[in-house]
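Asker: This is the structure I want to talk about, given as structure tokens.
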Amino acid sequence: MLSKIIDYGKIDVGRTVLDIGCGTGRFPLSLSAVKNSMLCALEPSIEMLRQGVVKDKSKRILWVRGDGQRLPFQDGLFDCVYMTSVIHHIENKEMTLREIYRVSKKGGKCVIMTFSHSRTKKHITRDFPGVVAIDLKRIPSVLSLKKMMTMIGFRDVHHHVVQIDEGYVSTNEYLERVRNKYMSTLTLLSEEDFQRGFKIFKERVKRKYGSKIGKISWFVFIDAQK
């Protein structure tokens, strides 16, 4: 996925780059290792930000606590602004896209990695009662995001579907990840609904997949230019 961010974002040496919702720093740290760009990583969670800072041995990344809806940067600062699996966590998506537009340079790139509604309906967690309904409600459709970006002023708005084959995982291992609520959607269920749903999900998954599950992930990258 890093190569796609670099490609769609036209990231190269000396470019100013902002990661919105960087979490513990997975992508900015990887990007720093392969591109000598001027990187800024923004994250609202102080605990996640601290983890990123600890991992940053090169000390070349500027770590900033902040909100994507109100970016603490001057106008026209970045050559590329990207976010990965973040847009559905943001309450006011239009405000965030307007902020990205504001802080981007003329000709700068915006890259958003998200999920399509069609793939959400086919994800393995469709067998967990209530999960698909929650995700379809909070994940904006690709079409709505593209329309919003065009309305704001972005040009050349395109989307690309990327498939990643992650091989196989044992069914028990995957069920344990679900039990630990590895997806943020699972944390939105009440504990009662989660426990009831997990029992149903466990039975369905074991019956459908047996001892191992083939994992193929589908992501959508939307890229645009200011």
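Derivation of every value follows stated rules applied to the coordinates shown; laboratory data play no part. It should be emphasised that the depicted structure is a prediction, and the values quoted were computed from it without experimental measurement. Methodologically, a virtual Cβ is constructed for each residue, glycine included, from the backbone with ideal geometry; neighbour enumeration extends over all protein chains shown.
Asker: Set Lys and Arg Cβ to +1 and Asp and Glu Cβ to -1, take the dipole of the chain about its Cα centre, and tell me which of TRP63, VAL157, THR125 lies farthest positive.
Answerer: THR125
Asker: If we count every other residue with Cβ under 14 angstrom of ARG60's Cβ, Lys/Arg +1 and Asp/Glu -1, where does the sum land?
Answerer: Numbers: positive: ARG15, LYS35, LYS55, LYS57, LYS59; negative: ASP19, ASP56.
Computed value for this residue: +3.
Asker: What FRET efficiency do you get for HIS160 and LYS206 if R0 is 45 Å and r is their Cβ-Cβ distance, rounded to the nearest 0.05?
Answerer: Numbers: r = 35 Å, r/R0 = 0.77.
Efficiency at R0 = 45 Å is approximately 0.80.
Asker: What number results when the radius of gyration of the chain, computed over Cα atoms, is divided by 2.2 N^0.38 Å?
Answerer: Numbers: Rg = 18.5 Å, N = 226, 2.2 N^0.38 = 17.3 Å.
With N residues counted in the chain, Rg over 2.2 N^0.38 Å equals 1.07.
Asker: Taking the alpha-carbon distance from LYS106 and a cut-off under 24 Å, which lysines remain once sequence neighbours fewer than 8 residues away in the same chain are dropped?
Answerer: LYS4, LYS10, LYS35, LYS93, LYS146, LYS147, LYS226
Asker: Which is farthest toward the positive dipole end of the chain among ILE200, GLY52, SER3, measuring Cα position about the Cα centre, with Cβ charges +1 (Lys, Arg) and -1 (Asp, Glu)?
Answerer: Of the options given, the answer is ILE200.
Asker: Ok, one more. Run the simple label-point estimate for SER190 and SER217 please: 7 Å along Cα→C-beta, distance reported in nm.
Answerer: Inter-label distance under the simple model: 3.2 nm.
Asker: What is the fewest-to-most order of VAL64, VAL111, VAL81 by other Cβ atoms lying within 10 Å of their Cβ? Write down the numbers at each step before the final one.
Answerer: Numbers: VAL64 15, VAL111 23, VAL81 30.
Listing VAL64, VAL111, VAL81 from fewest to most nearby Cβ atoms yields VAL64, VAL111, VAL81.
Asker: Moving on. Exactly which chymotrypsin sites (Phe, Trp or Tyr not before Pro) in the range 159-226 are in a DSSP loop and have at most 16 other Cβ atoms within 10 Å?
Answerer: On the way: sites: TYR168, TYR174, TYR182, PHE194, PHE198, PHE201, TYR209, TRP218, PHE219, PHE221; in loops: TYR182.
Filter output for the range 159-226: TYR182.
Asker: Right, another one. Please list, by residue number, every one of the GluC sites (Glu not before Pro) in the range 1-106 that is coil in DSSP and has at most 11 other beta-carbon atoms within 10 Å. Don't jump to the answer; show the numbers that get you there.
Answerer: On the way: sites: GLU47, GLU91, GLU94, GLU99; in loops: GLU91.
The qualifying sites are GLU91.
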